[in-house]
Amino acid sequence: MLWRRSHEREASQFLEGPPVTYPLEVVVLPTPEDVDTYAANAVIAQQKMKPKSVYIMPTGSTPKGFYQRIVDACKKRQVSFRKATIFNLDEYWKIDPWHPDSYASYMRVNLIDHIDIKAKNWHIPNGNTDNPIAEAKRYEALLNKHQPIDLAILGIGMNGHIGFNEPGTAVDAPTSFVKLHQSTIERNSDQLVASNETKLHALTIGPAEILKADRIMLLAKGIDKADAVNRAIRGQETSQLPASYLRRNKKVTFVLDEAAALYLPKTIRGTHSSRREEQRYSQVQFGYSV
Ligand code: PGA
């Protein structure tokens, strides 16, 4: 990981004093399904407000239900992505985009094949390249042409990663070719459907571009995420927990089920803004057409 280590050295020279951070919005909902509905309604509302919205979107087990709700709404013509653009957060390396274990396949199966987005407006790093460092640069340049991103939707790893920005990633790390953390390798091996070959590397959008988004929504479900969520919201900002960088963005919402919020104190779980937010998207009906 030479490329990223040298970047971290530059970053630590560059950072002086404590970073500026902003208050987070924390939405705690009773069930994982409520997280799906909330996130889908937020995207549907975003599309209604701005049909040409640009998104960063994640993969993994967390967003599957959210994507299903988007697909359902799209099928009922309650939302359209004809003018929208989606950038995927990350992709394994090295993998063919048509391999069932690629994130490109995940996205086609769970979202892209079922909504009306134009093929040219869906982007994902090419995990099949022989030159992943050049691919990271290409992807970053493409992303930067579309800045600002209207909404970046993220998951969180048990180790606090966002995308494949593993512990140790500098806050200003660009889109990079990275080596995966051992805990990520073990967890993700369980999710591979068609390959015994362990995935050791990936391409990922870096914290630098994620933090530039106009709005960030992090989704977390289950007790496995409770510690990382708690540290991201209440702990010191640290490269050991890249999700803690998110407080540098002015509009970040953590959308959690009760289990993922377990270690948060009641004062955070029951804030007025949480309740207002909960109403804002939990009660929005799929009631408009485009
Ligand atoms: P998960 O992964 O949704 O499969 O838990 C989230 C992540 O690692 O970002």
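The values are calculated or read from the model by the stated rules, or taken from the named source; none is laboratory data. Keep in mind that what you see is a predicted model, and the values were worked out from it rather than measured. Don't worry about glycine lacking a Cβ; one is built from the backbone with ideal geometry, like all the others, and counts go over all protein chains shown.
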For Ala173, which of the numbered conditions (1) among the hydrophobic types (A, V, I, L, M, F, W, C); (2) surrounded by fewer than 23 Cβ atoms within 10 Å (Cβ to Cβ); (3) more than 13 Å from the ligand (Cβ to nearest atom); (4) modelled with pLDDT of 95 or more fails to hold?
-> (2)
Report, by residue number, each residue of region 202-223 that is within 13 Å of the ligand (Cβ to nearest atom), in a loop (DSSP other than H, G, I, E, B), of a type in the set (Gly, Ala, Ser) and under 20 Å from Asp90 (Cα atoms).
-> none
Checked pairs for region 130-158, first touching a residue at least 12 places away in the same chain (Cβ under 8 Å), second within 16 Å of the ligand (Cβ to nearest atom) and among the basic types (Lys, Arg), C-beta under 7 Å and 6 or more apart or across chains, list as Ile156/Lys225; Met158/Arg187; Met158/Lys225
Has region 224-232 got at least one residue that is in a loop (DSSP other than H, G, I, E, B) and small (Gly, Ala, Ser)?
-> no
Output the residue which, of all residues in region 169-188 that are in contact with a helix residue (DSSP H, G or I) (Cβ under 8 Å, 6 or more places away or on another chain) and hydrophobic (A, V, I, L, M, F, W, C), is nearest to Tyr245 (Cα to Cα).
-> Val171
Name the one entry in Ile156, Ile149 that is of a type in the set (A, V, I, L, M, F, W, C), crowded, with 20+ Cβ neighbours inside 10 Å and within 10 Å of the ligand (Cβ to nearest atom).
-> Ile156
If we scan region 83-105, do we find a residue that is more than 24 Å from Ser176 (Cα to Cα), touching an Asp or Glu at 6+ places or on another chain (Cβ under 7 Å) and modelled with pLDDT of 95 or more?
-> no
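In region 44-58, what residues are within 15 Å of the chain's Cα centre (by Cα) and farther than 16 Å from His114 by Cα?
First, pick out the residues of region 44-58 that are within 15 Å of the chain's Cα centre (by Cα): 54-58.
Answer for region 44-58, where residues must be within 15 Å of the chain's Cα centre (by Cα) and farther than 16 Å from His114 by Cα: Val54, Tyr55, Ile56, Pro58.
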Those residues of region 72-98 that are out of contact with any strand residue (DSSP E or B) (no Cβ under 9 Å at 6 or more places or on another chain), part of a loop (DSSP other than H, G, I, E, B) and not hydrophobic (A, V, I, L, M, F, W, C) come to a total of 7
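For region 176-201, give me the residue count where each residue is away from the ligand (no atom under 15 Å from the Cβ) and assigned to a helix (DSSP H, G or I). Break it down into steps so the answer makes sense when it comes.
Within region 176-201, the subset away from the ligand (no atom under 15 Å from the Cβ) is 176-177, 179, 194-198, 200-201.
Now narrow it down to the ones that are assigned to a helix (DSSP H, G or I): none.
Counting residues in region 176-201 that are away from the ligand (no atom under 15 Å from the Cβ) and assigned to a helix (DSSP H, G or I) gives 0.
Could you count how many residues in region 26-69 are part of a loop (DSSP other than H, G, I, E, B), more than 12 Å from the ligand (Cβ to nearest atom) and within 20 Å of Ala226 (Cα to Cα)? Write out each step before concluding.
As a first pass, look at region 26-69 and keep what is part of a loop (DSSP other than H, G, I, E, B): 30-31, 50-53, 58-63.
With more than 12 Å from the ligand (Cβ to nearest atom) added as a condition, the list becomes 30-31, 50-53.
The next check asks that each one be within 20 Å of Ala226 (Cα to Cα); those that pass are 30-31.
So the answer is 2.
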Mind checking which pairs have a first residue in region 105-121 that is in a helix (DSSP H, G or I) and a second that is aromatic (Phe, Trp, Tyr), Cβ under 7 Å, 6 or more apart or different chains?
-> Ser105/Trp98; Asn110/Tyr67; Ile112/Trp122
Name every residue in region 125-149 that is under 14 Å from Ser176 (Cβ atoms) and charged (D, E, K, R), in order of residue number.
-> Glu135, Lys137, Arg138, Glu140
Listed residues Gly127, Gly168; which is crowded, with 23+ Cβ neighbours inside 10 Å, assigned to a loop (DSSP other than H, G, I, E, B) and either within 15 Å of the ligand (Cβ to nearest atom) or modelled with pLDDT of 95 or more (or both)?
-> Gly127
